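Worksheet for the structure shown next.
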Amino acid sequence: MEDFDTFYDRFHEDDAFQRSRIRFPLGGMMVEAGEKTAWTRQNFPLMKVRIQDVDTKEYKVSTDKQPTSFTQRVWLEASEFSSEYKFELIDGKWFLVYVLDES
């Protein structure tokens with residue numbers, strides 16, 4: 001079984017690895033100005049910032065780490081901005097399976 005922390009670091013450092021570990025169709029959506037857009041391989045932006053590197057003076061963050069799932073949330077208080085990412089362990093490997101990005 002793949003170690004989550006090792007996976008998570010590599011996911012953010014290696015673009016090709018990241019692309020290989022996103023399960024399409026990806027759950028969730030992008031919501032901008034009330035317009036909802038489904039994620040595709042073409043419109044999904046690669047993740048570069050690990051949750052532990054988010055500026056917590058400006059943003060609120062939460063994480064929920066379970067044996068077979070990891071959820072991270074980032075949001076700005078009193079604003080419409082929030083994002084939620086869910087990773088799941090599938091057949092011994094971690095994958096990004098859901099992203100809700102609201103702005």
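A short reminder: the numbers here are calculations on the coordinates, not readings from a lab. Just so we're clear, the structure is a prediction, and the values are computed from it rather than from any experiment. Note: ideal-geometry Cβ built from the backbone for every residue, glycine included; neighbour counts use all protein chains shown.
Taking the range 21-55 as the range and being of a type in the set (Phe, Trp, Tyr) and not in a strand (DSSP E or B) as the test, the residues that pass are Trp39, Phe44.
Annotation: of all residues in the range 1-13 being in a helix (DSSP H, G or I) and free of Cβ contacts under 8 Å to residues at least 60 places away in the same chain, the one that is surrounded by the most Cβ atoms within 10 Å (Cβ to Cβ) is His12.
Yes or no, residue by residue, for (1) surrounded by fewer than 17 Cβ atoms within 10 Å (Cβ to Cβ); (2) touching a residue at least 40 places away in the same chain (Cβ under 8 Å); (3) of a type in the set (A, V, I, L, M):
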| position | (1), (2), (3) |
| --- | --- |
| Asp15 | yes, no, no |
| Gly34 | yes, no, no |
| Arg41 | yes, no, no |
| Val54 | yes, no, yes |
| Lys65 | yes, yes, no |
| Thr71 | yes, no, no |
| Ile90 | yes, yes, yes |
| Lys93 | yes, yes, no |
| Val97 | no, yes, yes |
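So if I check each of Met30, Met47, which one is of a type in the set (A, V, I, L, M), surrounded by 12 or more Cβ atoms within 10 Å (Cβ to Cβ) and touching a Ser or Thr at 6+ places or on another chain (Cβ under 6 Å)? Unique residue meeting the criteria: Met30.
For the range 73-87, name all the residues that are without any contact (Cβ under 8 Å) to a residue 40 or more places away in the chain and either closer than 14 Å to Leu100 by Cα or assigned to a strand (DSSP E or B) (or both). Let's see the steps before the verdict.
Within the range 73-87, the first condition is being without any contact (Cβ under 8 Å) to a residue 40 or more places away in the chain, and the residues that meet it are 73-83, 85.
Passing the criteria: Arg73, Val74, Trp75, Glu80, Phe81, Ser82, Ser83, Tyr85.
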